[in-house]
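Trainee: Once you've had a glance at the structure underneath, I'll fire off some questions.
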Amino acid sequence: MEEIKVGLEVHVQLVTLKTKLFCSCSSDYRGKPPNVNICPVCTGLPGSMPTLNKRAVEEALKVVFMLNAQPYATSYFFRKTYFYPDLPKNFQITQYDKAGGYPLAHDGSLKLTNGKVVRIERIHLEEDPGRIYYEGSRATAKYSLIDYNRSGIALIEIVTAPDMSSAEEARDFVERLTTILSDVGINVRDYEGALRVDVNVSYAGGERVEVKNVTGAASVEKAVVYEVFRQKTMHEKGIKVVRETRAWDEKRRITIGSRGKEFEEEYRYMPEPDLPPVIITEALMQKVKDEIGGSQEERYNEIVNDGINEELAKKISSDKQLYSVYEKVKFYEPTLKQLAANVLANEISYLMKRYSVKSLPDDVSGLVEILQNYRSIPDHDTAVDYLKKWVEGEKVKVSLQATSVNEIHDDVVKVVAENYDKIKNLEYTKKFEFLMGILIRKFGKENKKVLVEELTKVLSETR
Ligand SMILES: [Zn+2]
């Protein structure tokens, strides 16, 4: 089998941000008239000064941690020079990993569905250029139109090693990444064009061809399939594949030659003098980590390590709220973790769906109370009623119904009577221990408190 190597450069808009990366213009551009969300900074007017959106760094760091990458303590912005009307200042503000520069983060990884680990070389922050519209097709249009609403929107670029060896793996990478992004609230599926991929493909050790601007996982797969087919055909005919940049034609599902590959020196990278370095402090990292609570994989492993079965662990780890409640209950009362896992994965996740509950209460003491008394609650419907109260933020006080306490009392009397011959000559503590053993086996440990009370009462009456 001939070797296929695929590496991806994925551009992700930080869609959770309200404003652009270096100015306070609104980032909500979809469906807006052209050139309404613009200012001197994002249209690159002379003398305008960029200011870094701090929130963008925090959002980007979330992705960094989800992809197990390491942030650099200090990184810098660079100017990447190119002459094209989508960026009127003739350079894009981005980060660079050479010439003394560092990207935001390095050395991450993403595990594919088939278990293969794809290395992530670096992640950096940069600004999105504006959009160019052509009347009709790009080749025949007499003029082009430019909309700068998108210019300056915050992007992160995620660069992988060429570790994928099929079109399916490339597609799976983008799908897995999309899920991870939505785990931290970056729901790129909901925003057209929020995730765009440059796909690098090489076949049988030949030159690497870059297919620019492919949108969506399915198109990434098609672009790789086409490019492998094209390069394989050339290979068989003895034509050398040249290193180049090609465009993806979504309608015809082919790649077309667009321009020779720019080499890095042509971009004339230089440090951006108008922006200070990006400093990532321990405190900032901790703040972001607290906000995300680890990756799903980490959450899953932690729950499984608690001895919870895989099915429950999967369900709880996939929902950050369920996971957070699980953690709190476990901290409160470690012996309740198995019951908590069952109830969270079943009853509580059902209640959240049924009543469209968006957020669970921060205070879990009511839930702990329910769980502690769970076996004494007479039936499942009553238990669900209690849980519903907690989910809806009401105060919960589990009162065992009189009948069930009475039942316990009657049973205690019965147990004492049945064993009277065995216990009558024992001293009090021995007698007590013997009877408690029988009662605990019958009613469970969680009713110990009631049982002790009732047994004390009954024994004092029969003494
Ligand atoms: Zn602006």
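Trainee: Using the number of other C-beta atoms within 10 angstrom as an exposure proxy, rank CYS25, CYS39 with the fewest first.
Mentor: CYS39, CYS25
Trainee: Taking θ as phi - 60°, what are the ³J(HN,Hα) couplings along the stretch 78-94 by the Karplus curve (6.51, -1.76, 1.60), each to the nearest whole Hz, with x for Gly and Pro?
Mentor: 10, 9, 9, 7, 7, 9, 7, x, 6, 9, x, 7, 6, 8, 10, 7, 8
Trainee: Could you check the simple spin-label distance between LEU459 and LYS395, using points 7 Å along Cα→Cβ, in nm with one decimal?
Mentor: 3.6 nm
Trainee: Something else now. Report the relative contact order of the stretch 402-462, percent, no decimals, based on alpha-carbon pairs under 8 angstrom and at least 6 residues apart.
Mentor: For the stretch 402-462, the relative contact order is 45 percent.
Trainee: Shifting gears a bit: Under 10 Å from the Cβ of ARG171, count the other residues' Cβ atoms, weight Lys and Arg +1, Asp and Glu -1, and hand me the total.
Mentor: Result for the local shell: -3.
Trainee: Would you compute, for the Cα atoms of the chain, the largest minus smallest coordinate along each principal axis and list the three values in descending order, in whole Å?
Mentor: 105, 55, 43
Trainee: Same structure again: Measure out, as a whole number of angstrom, how far apart the alpha-carbon centroids of the stretch 224-249 and the stretch 329-395 sit.
Mentor: The two parts, judged by their Cα centres, are 58 Å apart.
Trainee: Return the calculated 222 nm mean residue ellipticity for the chain, to the nearest 500 deg cm²/dmol, obtained by summing -39500 (n - 2.57) across DSSP H runs with n ≥ 4 and dividing by the residue count.
Mentor: -12000 deg cm²/dmol
Trainee: While we're here: List the GluC sites (Glu not before Pro) in the stretch 193-270 that DSSP assigns to loop (not H, G, I, E or B) and whose Cβ has at most 16 other Cβ atoms within 10 Å. Which are they?
Mentor: For GluC sites (Glu not before Pro) across the stretch 193-270 that sit outside H, G, I, E and B with at most 16 neighbouring Cβ atoms in 10 Å, the list reads GLU207, GLU250, GLU262.
Trainee: What number, in percent, do you get for the relative contact order of the chain if the mean sequence gap of Cα pairs under 8 Å and at least 6 apart is divided by its residue count?
Mentor: Relative contact order for the chain comes out at 14 percent.
Trainee: Direction-averaged shadow area of the convex hull around the Cα atoms of the stretch 402-462, nm²?
Mentor: If you wrap the Cα atoms of the stretch 402-462 in a convex hull and average its projections, you get 3.8 nm².
Trainee: Follow-up question, since we're still on this one. Where Lys and Arg each count +1 and Asp and Glu each count -1, what net charge lies around ASP411 among other residues with Cβ under 11 Å from its Cβ?
Mentor: -2
Trainee: Taking Cα pairs under 8 Å and at least six residues apart, what relative contact order does the stretch 295-391 come out at, in percent?
Mentor: Across the stretch 295-391, relative contact order equals 24 percent.
Trainee: What is the sum of charges, Lys and Arg at +1 and Asp and Glu at -1, for the other residues whose Cβ falls under 12 Å from the Cβ of GLY44?
Mentor: -1
Trainee: Amide H neighbours of ILE120 under 5 Å, counting only residues 5+ apart in sequence or on other chains, H built in-plane at 1.01 Å?
Mentor: GLY108, SER109, LEU110, ALA161
Trainee: Now, a different point. Under the Karplus relation 6.51 cos²θ - 1.76 cosθ + 1.60, θ = phi - 60°, what is the ordered set of whole-Hz ³J(HN,Hα) values for the stretch 193-207, x standing for Gly and Pro?
Mentor: Values per residue, Gly and Pro as x: x, 7, 10, 10, 10, 9, 9, 9, 10, 10, 10, 6, x, x, 5 Hz.
Trainee: Mind sorting ILE120, ILE132 by how few other Cβ atoms lie within 10 Å of their own Cβ, fewest first?
Mentor: Ordered by Cβ neighbours within 10 Å, fewest first: ILE132, ILE120.
Trainee: Right, next: Got a sec to turn the phi values of the stretch 35-48 into Karplus ³J(HN,Hα) couplings, 6.51 cos²θ - 1.76 cosθ + 1.60 with θ = phi - 60°, whole Hz, x for Gly and Pro?
Mentor: After applying 6.51 cos²θ - 1.76 cosθ + 1.60, I find 6, 9, 9, 9, 8, x, 5, 7, 9, x, 6, x, x, 6 Hz.
Bear in mind these aren't lab numbers, they're just calculated from the coordinates by the rules spelled out. Here the structure is a predicted model, which means the values were calculated and not measured. So basically every Cβ, Gly included, is an ideal-geometry build from the backbone, and we count neighbours across all protein chains shown.
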